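Participant: Below is the structure I would like to discuss, written out as structure tokens.
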Amino acid sequence: MKKIIVAAAMLIKDHKIFIAQRPAHKKPPLVWEFPGGKKEDGETLPQALRRELREELQIDTNIGDFICQVTHKYDFGEVEVNLYKATMTDSNAPIIDTEHNATAWVSPQDFDKYQFAAADTELLDEIKKLPI
């Protein structure tokens, strides 16, 4: 089974966390996730995350502490998600999403209002333990 290594961001601003809804043509479709993407050869996970956030959201970020890692088996392959705290280098910069169906800034207590990707669902318990 193919293994995909992903770096994801717990992007925090004003005590809320940024989440994004996957487009219909991507697997898994139309579920919410923490932004980020696949690690490329020669990149560290923080480098991959910084690159992906710049490509998908048009923002520059400071990648902070590693939070946790989960691995989930989907029908298309195994996904390893590595979650990091992140902040925008300019907190007033606009987020210009080029990838997702929708985006939202959400308080952790409101996560249950969104259907997350299975791997991201496994991250929610860890996130709820953290001070935001």
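Participant: Looking only at the range 105-117, how many residues end up being of a type in the set (Gly, Ala, Ser) and exposed (fewer than 15 other Cβ atoms within 10 Å of the Cβ)?
Facilitator: Number of matching residues: 1.
Participant: Moving on. Quick check on this structure: which one of Leu49, Leu53 is in a helix (DSSP H, G or I), over 21 Å from Thr121 (Cβ atoms) and open to solvent by less than 20 Å² (accessible area, probe 1.4 Å)?
Facilitator: The match here is Leu53.
Participant: Pick from the range 72-84 the residues that are open to solvent by 10 Å² or more (accessible area, probe 1.4 Å) and within 14 Å of the chain's Cα centre (by Cα): which of them is nearest to Asp97 (Cα to Cα)?
Facilitator: Ranking the qualifying residues of the range 72-84, first place goes to Tyr84.
Participant: Pro28: open to solvent by less than 40 Å² (accessible area, probe 1.4 Å), at negative phi, modelled with pLDDT under 95 and in contact with a helix residue (DSSP H, G or I) (Cβ under 9 Å, 6 or more places away or on another chain), yes or no?
Facilitator: Against the criterion (open to solvent by less than 40 Å² (accessible area, probe 1.4 Å), at negative phi, modelled with pLDDT under 95 and in contact with a helix residue (DSSP H, G or I) (Cβ under 9 Å, 6 or more places away or on another chain)), Pro28 qualifies.
Participant: Here's a follow-up. From the list Asp41, Asp65, which residue is surrounded by fewer than 12 Cβ atoms within 10 Å (Cβ to Cβ) and out of contact with any strand residue (DSSP E or B) (no Cβ under 6 Å at 6 or more places or on another chain)?
Facilitator: Asp41
Participant: Hey, could you check the range 21-51 for residues that are in contact (Cβ under 8 Å) with a residue 60 or more places away in the chain and more than 13 Å from Gln115 (Cα to Cα) and say which is farthest from the chain's Cα centre (by Cα)?
Facilitator: Ala24
Participant: Here's something else I'd like to know. Could you list, in sequence order, the residues of the range 84-126 that are of a type in the set (S, T, N, Q) and either touching a residue at least 40 places away in the same chain (Cβ under 8 Å) or closer than 20 Å to Glu56 by Cα (or both)?
Facilitator: Thr87, Thr89, Ser91, Asn92, Thr98, Asn101, Thr103, Ser107, Gln115
The values are calculated or read from the model by the stated rules, or taken from the named source; none is laboratory data. What you see is a predicted model; the values in this text were computed from it and never measured. Every residue, glycine as well, gets a Cβ built from its backbone with ideal geometry; the counts of neighbours run over all protein chains shown. Keep in mind that these areas ignore ligands, DNA and RNA; they rest on the heavy atoms of the full protein, side chains included. Shrake-Rupley method; radii C 1.70, N 1.55, O 1.52, S 1.80 Å.
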